[in-house]
Amino acid sequence: MTARIIDGKAVARKLREEYASRVQTLKGEHGIDPGIAVILVGDNAASQVYVRNKIRACQETGIRSELFHMPADTPESQLLARIDALNADPHVHGILVQLPLPQHIDVSQVLERIAVDKDVDGFHLYNVGGLVTGNTVFPPCTPYGVQKLLEHENVKIEGQNVVVVGASNIVGKPMALMLMQQDATVCICHKKTRDLGQFTLLADILVVAAGVPGLIVPQMVKTGAVVIDVGINRLPDGRLVGDVDFEGVRKKASLISPVPGGVGPMTITMLLHNTLISAERIAGIIGD
C-alpha cells in the first residue's frame, strides 16, 4: 500500500478562490470591506515571515490588512490599549496578535483582551472553552484546517478511533475536542505518554502535532490509517520536515499530509475564513 498524498496547497487554493468571491459580494452588495489587524511585537525573524505570509494571503483574497509593528520593549499596557482601540473600530473584523510575545508581556492577558467576535485566531478563552459545547465563535485555525482537509478528502470521522499526539492549547487539545464533536473516539497523547506506539497503532486517524522530527515511524502506524502531520521542524541542513517519517509511513497509510504543503497552507486559509465570517455576520449573512 502507498498512501495518497493530501495536497494542502490545492485545497487551500480552492477555498481561497471561494472566499475571494464572497469578499467581492460583501463589498459590492453590502458595502462591507472585510479587514484584519495584525499586531507584531518585536523582530522575531520567524514571526516576521509568518506575518508577511498572512498579509500576502489577505491581499490575494481581497481582505484588507493593516500591520501594527511595535518595538520589542513595548509596555504591556500600550499593547492592551492598541487592542482596545481595534476592538472599538467597526472597520476591523479580525484581530491577530502574532505569537510569541516578548517575555515581559503576559500572553493570556493579551489574548483575553481581544474581543471574542474579532478573535479570528480562536485563542480567546471563550472560543477555546466553547469547543467543549460546540458553541465557539471562531475555531482555532490549525485544527480547523485539519478538519477541512479531512472533509475535503471525505474521511469518515464518526465512530473512528482518533489519536492526537501533542496536547498543546493551540493544536492538540482543540483538535481532540473538534473531533469528539463529530463522534470520534479520541485519545490524546503527549510527551509523557509511555509506549506511544501502543496508542498510535490503534488509530484509524492519526494527527501528530508534537514538534519532534521523525517521531512517528512505520511500525507505530496501523495499515490503512489516515495520517495528518501538523509538525514543522527545521533540520540542521535547512530542510523542513514534519513529525512523521513521511517516506516510511506513506507505505502503510491510506492518506498522508506532507510537510511542507499539507496543513500549513490551511492554517492561514482558516484565518481568512474566520475574518470573512466575522464580516459576513455583520452583514447578516450566515456563512460556513
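Based on what the data block shows, is residue 86 assigned to a helix (DSSP H, G or I), touching a residue at least 40 places away in the same chain (Cβ under 8 Å) and at negative phi? Considered against the rule, which asks whether it is assigned to a helix (DSSP H, G or I), touching a residue at least 40 places away in the same chain (Cβ under 8 Å) and at negative phi, residue 86 comes out as yes. Among the residues that make up segment 43-53, is at least one of them over 23 Å from residue 142 (Cβ atoms) and in contact with a strand residue (DSSP E or B) (Cβ under 7 Å, 6 or more places away or on another chain)? No, that holds for no residue. Taking segment 61-83 as the range and being surrounded by 13 or more Cβ atoms within 10 Å (Cβ to Cβ) and acidic (Asp, Glu) as the test, the residues that pass are 66, 76. The set of residues from segment 205-231 being surrounded by 18 or more Cβ atoms within 10 Å (Cβ to Cβ), under 19 Å from residue 171 (Cα atoms) and of a type outside the set (Gly, Ala, Ser) comprises 205, 206, 207, 208, 213, 215, 216, 226, 227, 228, 229, 230. Do we have any residue at all in segment 131-145 that's closer than 26 Å to residue 37 by Cβ, assigned to a helix (DSSP H, G or I), at pLDDT below 95 and not aromatic (Phe, Trp, Tyr)? Yes, that holds for at least one residue.
Matching residues to (1) closer than 25 Å to residue 23 by Cα; (2) in contact with a Cys (Cβ under 9 Å, 6 or more places away or on another chain); (3) basic (Lys, Arg):
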residue: 36; (1), (2), (3): yes, yes, no
residue: 45; (1), (2), (3): no, no, no
residue: 51; (1), (2), (3): yes, no, no
residue: 56; (1), (2), (3): yes, no, yes
residue: 61; (1), (2), (3): yes, no, no
residue: 82; (1), (2), (3): no, no, yes
residue: 86; (1), (2), (3): yes, no, no
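Residue check: is residue 114 within 30 Å of residue 89 (Cβ to Cβ), at pLDDT below 95 and aliphatic (A, V, I, L, M)? So residue 114 fails the test. Summed over segment 232-255, residues that are farther than 26 Å from residue 174 by Cβ, of a type in the set (Lys, Arg) and modelled with pLDDT under 95 total 1.
Scan segment 89-100 for residues that are touching a Gly at 6+ places or on another chain (Cβ under 8 Å), crowded, with 23+ Cβ neighbours inside 10 Å and either over 13 Å from residue 274 (Cβ atoms) or without any contact (Cβ under 8 Å) to a residue 40 or more places away in the chain (or both) and report the count.
Summing the residues that are touching a Gly at 6+ places or on another chain (Cβ under 8 Å), crowded, with 23+ Cβ neighbours inside 10 Å and either over 13 Å from residue 274 (Cβ atoms) or without any contact (Cβ under 8 Å) to a residue 40 or more places away in the chain (or both) in segment 89-100 gives 0.
For the condition surrounded by 21 or more Cβ atoms within 10 Å (Cβ to Cβ) and not assigned by TED's automatic domain parsing to the domain that holds residue 179, residue 200 does not qualify. Just to verify a result, which residue in segment 267-288, among those that are of a type outside the set (A, V, I, L, M) and assigned to a loop (DSSP other than H, G, I, E, B), is surrounded by the fewest Cβ atoms within 10 Å (Cβ to Cβ)? Residue satisfying both the conditions and the ranking: 288.
The values are calculated or read from the model by the stated rules, or taken from the named source; none is laboratory data. Everything numeric here is computed off the predicted structure, so don't read it as measured data. Cβ sites come from the backbone with ideal geometry, for glycine too, and all protein chains shown count toward neighbours.
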